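A.B. asks: The structure that follows is given in the form of structure tokens.
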There are 2 protein chains.
Amino acid sequence: MPHIELPDGLFGIRSAMAFRPETAKPLNELVEVLLRGPSSLTPGERELIATYVSYLNDCYYCQTIHGAIAAASLNDDEELVKRVKADFQHADISDKLKALLLIASKVQKGGKHVTAEDVEQARSLGATDVEIHDTVLIAAAFCMYNRYVDGLATVQPHDDEMYRARGKRVAREGYVTVSTEYLAAATAGR
Amino acid sequence: MPHIELPDGLFGIRSAMAFRPETAKPLNELVEVLLRGPSSLTPGERELIATYVSYLNDCYYCQTIHGAIAAASLNDDEELVKRVKADFQHADISDKLKALLLIASKVQKGGKHVTAEDVEQARSLGATDVEIHDTVLIAAAFCMYNRYVDGLATVQPHDDEMYRARGKRVAREGYVTVSTEYLAAATAGR
């Protein structure tokens, strides 16, 4: 049961966002620009970073929905998403993305865990300063989203088909567009 | 030395935000609505939560600037801010705020650490659902800001007077107003 009275029929972060649309707006804009805005990292690569950090933080809702969005952005390759979570060093992804995932895993532990060597390694494999910046901020942001979702004890159904369908929709339409709909419905229901 | 090439003359999160104004916008809007938007918690109370979480995450820049903003919002009571960081249970703050700080400290460890008993305790001392929600999100958000600031190894001068002056200004004018200025200067310098 959630720690506070959240709107019925919504799960995970959506229920928290519908409870407080004032904070939902910048939260949705942040994830949109970070994961889907113009970038030399593909949406699939960025969703893999978000999924991996959410996995490290043990947030069921976030790792499942972002895993589904990642798969939808990567030719429906759900096996690749599973492999990245289990052992990204041996997944079929670029060496640059492996170096960025390592930086993200350090950020998950705490900002000071990132070393100059971690960054130099990513740079030697082709990562730009913007890519390194965005990796750090994506990892940091999911340390927020994960804590928000679990800290309120939101309802997080175990229903693969639901996450798969929502993942495809977010991959197609984006966070802000999809959120506008459920936030409007929640506000109308007040 | 920062891990990436950040603009000269700016410190902590400001240097990271000036590097990437696209993500700075929602980051500033989020902190503005969370810490200064309409709320039954005062800006001083909310800044104390932000300061305490930043202290737990050992982020020098964030705990110092938000400590300064907290003090500026609380009749310049710098001793109170120090006391909250060192031992909030014996600080001269309300029992409700102590219960909310305890929830924030659990969120800092991870969302699942917050228990129904923690929330019940806060509620019995007068905390509303919105106050509990905002406490969880403030704590979660500072787990992001702290990791962002330290994960890029931003420059964080030890200069009490600088933080004190900036703290007073943010307390008076707000985050978005102050950020507009240094972000415009950074963008013009590109």
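A.B. asks: With B:MET1, B:MET17 as the choices, which residue is closer than 30 Å to A:ALA127 by Cα, at pLDDT 95 or above and not basic (Lys, Arg)?
C.D. replies: Of the residues listed, the single one that is closer than 30 Å to A:ALA127 by Cα, at pLDDT 95 or above and not basic (Lys, Arg) is B:MET17.
A.B. asks: Report every pair of residues separated by at least 6 positions or lying on different chains whose Cβ atoms are under 6 Å apart, first residue within segment A:94-109 and under 10 Å from A:ALA127 (Cβ atoms) and surrounded by 22 or more Cβ atoms within 10 Å (Cβ to Cβ), second of a type in the set (Val, Ile, Thr) and modelled with pLDDT of 95 or more.
C.D. replies: Listed by first residue and then by second, the contacts come to A:LEU100/A:THR135; A:ILE103/A:VAL114; A:ILE103/A:THR135.
A.B. asks: Within segment A:85-116, how many residues are within 11 Å of A:VAL53 (Cα to Cα) and not hydroxyl-bearing (Ser, Thr, Tyr)?
C.D. replies: 9
A.B. asks: Same structure again: Given (1) of a type in the set (Asp, Glu); (2) farther than 24 Å from A:ASN28 by Cα; (3) buried (at least 22 other Cβ atoms within 10 Å of the Cβ), where does A:ASP134 come up short, assuming only one miss?
C.D. replies: For A:ASP134, the failing item is (2).
A.B. asks: Among the listed residues B:ALA70, B:ALA16, identify the single one that is on the phi < 0 side of the Ramachandran plot, buried (at least 19 other Cβ atoms within 10 Å of the Cβ) and within 14 Å of chain A (Cβ to nearest Cβ).
C.D. replies: B:ALA16
A.B. asks: Shifting gears a bit: Is it the case that segment B:31-48 has a residue that's in contact with an Asp or Glu (Cβ under 9 Å, 6 or more places away or on another chain), at pLDDT 95 or above, under 15 Å from B:TYR148 (Cα atoms) and surrounded by 18 or more Cβ atoms within 10 Å (Cβ to Cβ)?
C.D. replies: No, every residue in segment B:31-48 fails to be in contact with an Asp or Glu (Cβ under 9 Å, 6 or more places away or on another chain), at pLDDT 95 or above, under 15 Å from B:TYR148 (Cα atoms) and surrounded by 18 or more Cβ atoms within 10 Å (Cβ to Cβ).
A.B. asks: If a residue has to be within 17 Å of the chain's Cα centre (by Cα) and in a helix (DSSP H, G or I) to count, how many in segment A:1-33 make the cut?
C.D. replies: 16
A.B. asks: Name the single residue, out of those in segment B:34-62 being within 16 Å of A:ALA141 (Cβ to Cβ) and part of a helix (DSSP H, G or I), that is nearest to the other protein chains (Cβ to nearest Cβ).
C.D. replies: B:LEU34
A.B. asks: Residue under question is A:TYR52, and the condition is that it be crowded, with 24+ Cβ neighbours inside 10 Å and either in contact with a strand residue (DSSP E or B) (Cβ under 6 Å, 6 or more places away or on another chain) or modelled with pLDDT of 95 or more (or both); does it hold?
C.D. replies: Yes: the conditions hold for A:TYR52.
A.B. asks: Does segment A:145-163 hold any residues that are under 28 Å from B:LEU100 (Cα atoms) and part of a helix (DSSP H, G or I), and which are they?
C.D. replies: A:TYR145, A:ASN146, A:ARG147, A:TYR148, A:VAL149, A:ASP150, A:GLY151, listed by residue number.
A.B. asks: Turning to a different aspect of this structure: What residue, among those in segment B:97-118 that are assigned to a helix (DSSP H, G or I) and small (Gly, Ala, Ser), is nearest to the other protein chains (Cβ to nearest Cβ)?
C.D. replies: Filtering segment B:97-118 for residues that are assigned to a helix (DSSP H, G or I) and small (Gly, Ala, Ser), the one nearest to the other protein chains (Cβ to nearest Cβ) comes out as B:GLY111.
A.B. asks: Keeping to segment B:143-179, report how many residues are among the polar types (S, T, N, Q), within 14 Å of another protein chain (Cβ to nearest Cβ) and over 13 Å from the mean Cα position of the chain (by Cα).
C.D. replies: Total satisfying the criteria: 3.
The rows are residues; the columns are (1) crowded, with 24+ Cβ neighbours inside 10 Å; (2) touching a residue at least 40 places away in the same chain (Cβ under 8 Å).
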residue	(1), (2)
A:GLY126	no, no
A:VAL130	no, yes
A:ALA141	yes, yes
A:TYR145	yes, yes
A:ASP150	yes, yes
A:PRO157	no, yes
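A.B. asks: Quick one: how many residues across segment A:119-133 are farther than 13 Å from A:LEU101 by Cβ and either within 7 Å of another protein chain (Cβ to nearest Cβ) or not hydroxyl-bearing (Ser, Thr, Tyr) (or both)?
C.D. replies: 7
A.B. asks: Something else about it: Consider B:ASP134 against the criteria (1) part of a helix (DSSP H, G or I); (2) at positive phi: it satisfies all of them except one. Which criterion is unmet?
C.D. replies: Every listed condition holds for B:ASP134 apart from (2).
A.B. asks: While we're here: Quick check on segment A:71-93: of everything there that is part of a helix (DSSP H, G or I) and touching a Gly at 6+ places or on another chain (Cβ under 6 Å), which residue is nearest to A:ARG169 (Cα to Cα)?
C.D. replies: Out of the qualifying residues, it is A:ALA72.
The values are calculated or read from the model by the stated rules, or taken from the named source; none is laboratory data. Just so it is clear, the model here is predicted, and its values are computed rather than measured. Every residue, glycine as well, gets a Cβ built from its backbone with ideal geometry; the counts of neighbours run over all protein chains shown.
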